[in-house]
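A short worksheet on the structure shown next.
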Amino acid sequence: MSIFDFFSKDKKEDLDKGLQKTKENVFAKIARAVVSKSKVDEEVLDNLEEILVTSDVGVETTLKIIERIEHRIANDKYVNTNELTTVLREEIAALLLDNPIGNAEAGEVGNFHTLPSDQKPYVIMVVGVNGVGKTTTIGKLAHHFKKDGKKVFLGAADTFRAAAVEQLCIWGERIGVDVVKQNMGSDPASVAFDTLTSAVANQADVVIIDTAGRLHNKVGLMNELTKIKNVMKKVVPHAPNEVLLVLDGSTGQNAYNQAIEFSKATEITALAITKLDGTAKGGVVIGISDQLQIPVKYIGIGEGLDDLQVFRKREFVESLFGN
Ligand SMILES: Nc1nc2c(ncn2[C@@H]2O[C@H](COP(=O)(O)OP(=O)(O)OP(=O)(O)O)[C@@H](O)[C@H]2O)c(=O)[nH]1
Ligand SMILES: [Mg+2]
């Protein structure tokens, strides 16, 4: 079985369930906005704008969506309120797909799950502020790669907290993959170096490096990440293949701001947005996917091993605004 099977087809129900809270919230608000209205008029659009902004879609993206709907209404002359969610779904999907960033879908050529055979081990460095779900996302990713028959090595380069190393080791045991670690307080770059050295010696396919979300200050954190990257290159010249920034979706616009801040400080190649289950702020994924030049690759929709999905724009919007 290929890795695509884990992430695609059968995952629609999980996605629907994961986005339930956001969905209920948005639909309840839309229902209120169109009550006693037969067609989409200025007032409905004003309300819709507010709904999208308060659902963490973000102002800029919301304005683009409203503009598209206005255009659509001008063309179709008359859009009744029953059609509003359909129109919304179509226009948001089209808007997101207009941004070529992150349009590659699972199973297609150039897909990020097809590990390039000439870049072994494929090295993923995971970054993000504390508590966003880095370690959990690593566990889920490692699980998927392992299930796909890949040899996975994890590096416990979050040496800032003793519990962090332990937590990664627990994931490693649970999944059955090797974890390279040193003592708490040791140099994260040294842990990354060791991890890559072991991975190369053992012909691993994938290496995932956990990093600390908190240090004494922001400059310190960014310098640390740069150092880890540079040290890894000494062992594997193409490392890191991916710098995955993890964002907590339940923080809404904060997640968006963190993405901006991090990408200013260090090169980020992909985003994972976690904790979309249990929040009504899932709209943030729409804003981030529209606004940023970094692809959203994964979404976290629960705490379980299989609760990580590849982010697919159309499926996401269909799940959010589908009936
Ligand atoms: N509901 C839900 N919880 C999640 C998800 N991803 C992570 N969590 C939870 O978020 C909490 C923090 O996750 P961690 O993986 O420890 O976060 P971290 O970024 O490694 O945190 P630090 O190591 O402290 O920087 C844990 O309780 C996870 O179970 C998700 O997609 N859904
Ligand atoms: Mg952690």
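The values are calculated or read from the model by the stated rules, or taken from the named source; none is laboratory data. Note that the structure is predicted; figures quoted are calculated from it, not measured. Note that each Cβ is placed from the backbone with ideal geometry, even for glycine, and that neighbours are counted across all protein chains shown.
Listed values, structure above:
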{"item": "Flag if L221 is surrounded by fewer than 24 Cβ atoms within 10 Å (Cβ to Cβ) and of a type in the set (A, V, I, L, M, F, W, C)", "result": "yes"}
{"item": "Criterion: modelled with pLDDT under 95 and more than 16 Å from ligand 1 (Cβ to nearest atom) - qualifying residue of T81, T61", "result": "T81"}
{"item": "Those helices (runs of 4 or more DSSP H) lying entirely in the stretch 228-323 with at least 2 residues among the charged types (D, E, K, R)", "result": "253-265, 313-321"}
{"item": "Within the stretch 262-283, considering residues that are free of Cβ contacts under 8 Å to residues at least 40 places away in the same chain and surrounded by fewer than 24 Cβ atoms within 10 Å (Cβ to Cβ), the one nearest to Q309 (Cα to Cα)", "result": "T269"}
{"item": "Some residue of the stretch 205-217 being modelled with pLDDT of 95 or more and outside any strand (DSSP E or B)", "result": "yes"}
{"item": "Top-ranked residue of the stretch 170-191 - restricted to ones that are farther than 29 Å from T114 by Cβ and within 13 Å of ligand 1 (Cβ to nearest atom), ranked as surrounded by the most Cβ atoms within 10 Å (Cβ to Cβ)", "result": "P188"}
{"item": "Residue count for the stretch 151-169, restricted to those that are surrounded by fewer than 18 Cβ atoms within 10 Å (Cβ to Cβ) and under 20 Å from V235 (Cα atoms)", "result": "1"}
{"item": "Residues (within 19 Å of G176 (Cα to Cα) and either surrounded by fewer than 21 Cβ atoms within 10 Å (Cβ to Cβ) or within 15 Å of ligand 2 (Cβ to nearest atom) (or both)) located in the stretch 195-218", "result": "S198, V200, A201, N202, Q203, D205, I208, I209, D210"}
{"item": "Selected residue [more than 21 Å from E267 (Cα to Cα), at pLDDT 95 or above and of a type in the set (G, A, S)] from A192, A199", "result": "A199"}
{"item": "Within the stretch 119-167, tally of residues that are more than 8 Å from ligand 1 (Cβ to nearest atom) and β-branched (V, I, T)", "result": "7"}
{"item": "Hits in the stretch 115-131 (condition: in a loop (DSSP other than H, G, I, E, B), more than 9 Å from ligand 2 (Cβ to nearest atom) and out of contact with any helix residue (DSSP H, G or I) (no Cβ under 8 Å at 6 or more places or on another chain))", "result": "L115, P116, S117, D118, Q119, K120"}
{"item": "Selection from the stretch 155-175 of residues that are of a type outside the set (A, V, I, L, M) and part of a helix (DSSP H, G or I)", "result": "E166, Q167, C169, W171, G172, E173, R174"}
{"item": "Residue within the stretch 312-320 that is within 14 Å of ligand 1 (Cβ to nearest atom) and either within 26 Å of T114 (Cβ to Cβ) or of a type outside the set (A, V, I, L, M, F, W, C) (or both) present", "result": "no"}
{"item": "A142 aliphatic (A, V, I, L, M), in contact with a helix residue (DSSP H, G or I) (Cβ under 7 Å, 6 or more places away or on another chain), part of a helix (DSSP H, G or I) and within 16 Å of ligand 2 (Cβ to nearest atom)", "result": "yes"}
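The rows are residues; the columns are (1) under 19 Å from F262 (Cβ atoms); (2) free of Cβ contacts under 8 Å to residues at least 12 places away in the same chain.
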| residue | (1), (2) |
| --- | --- |
| A157 | yes, no |
| I170 | no, yes |
| Q182 | no, no |
| P188 | yes, no |
| D194 | no, no |
| V200 | no, no |
| Q203 | no, no |
| M232 | yes, no |
